[in-house]
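First up is the structure itself, then whatever we jot down about it.
All of the numbers you see were taken from the coordinates with simple rules; none came from a lab. Since this is a predicted model, take the numbers as computed values, not measurements. As a convention, Cβ positions derive from the backbone with ideal geometry for all residues, glycine included, and neighbour counts pool all protein chains shown.
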């Protein structure tokens, strides 16, 4: 009795899915998914009388888990035989993907295992403006671009809305890495500004920063008036200070001349012998020798007659410095009074000009 031959058993061809670039991918990137079916020539190719040698497998692409959706070429997806291309990846593209090969002959199907595509946001860019908008014509403005992951970024600066123009260092613009400086603002600088970072490695770009509207206003006339008032007030204060210092110096010189004329023989203190008669009144009188009271027996009564000088002077302190100190206090008081008055007037004027500007 002859033995029967056992049937040959072939395994279905295996499929694998390759993702480029490697997951995770970043928003805005282009992703390619390639379906690779086990390479047997008899399975992969067949001759067609019309088209010649043609691929034997028809590739199908699916997205999702249990409720998978078959993908077709669309605005963002392109199905090109064994390759699925996703352009401008977003968070909605984060999901499971798998492919399957179909053909008319046996084996007629080959399915890959699923691959999870992880989509991550690009690093954020933040734009700050100093001073705060609105700014005024003639001012200097600094715009700074801050990237949350600061690593080997090249900063790009743009001006405008839909048709943005990339800014470069020029006569009025200075691009210094993460800072854009605009000097001598004018009304033509009023526009939208934004920035982003670029580099060679992944992710090779950051998100665009929020667009900031730079508002440029003409310099306020009240500010000009306030500047003029401040200048005039400072000049007036300086003039009053000079005038009071001149008066102080003049009073000091006059006091010194009076002291030197009235008391020629003093050295820090008044000599008591110059004032032989003291009284409680405000005047000091020196001794007067009368001729008629001299001795009549004196043979030369008129040869030794002495006339003393009579000094009528307001009573002064023994210490010369006390008088001078009193005079000095008066001069300093005048300087302080007029200085405070000028500052008070200047403060009132500035406060009034500031209120007009904000109103």
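Here are some notes:
- By the Kirkwood approach, averaging reciprocal distances over each pair of separate Cα atoms, the stretch 125-219 gets a hydrodynamic radius of 13.6 Å.
- Global geometry of the stretch 175-215, whether rounded, prolate or oblate, following the gyration tensor of its Cα atoms and the 1.5 cut on a/c: oblate
- Largest-first principal axis extents, alpha carbons of the stretch 53-131, Å: 74, 30, 15
- Taking one quarter of the surface of the C-alpha convex hull of the stretch 52-206 gives a mean projected area of 14.7 nm².
- Fewest-first ordering of 164, 151 by other beta carbons within 10 Å of each residue's beta carbon gives 151, 164.
- Over the stretch 125-219, Cα pairs under 8 Å with separation of 6+ residues give a relative contact order of 37 percent.
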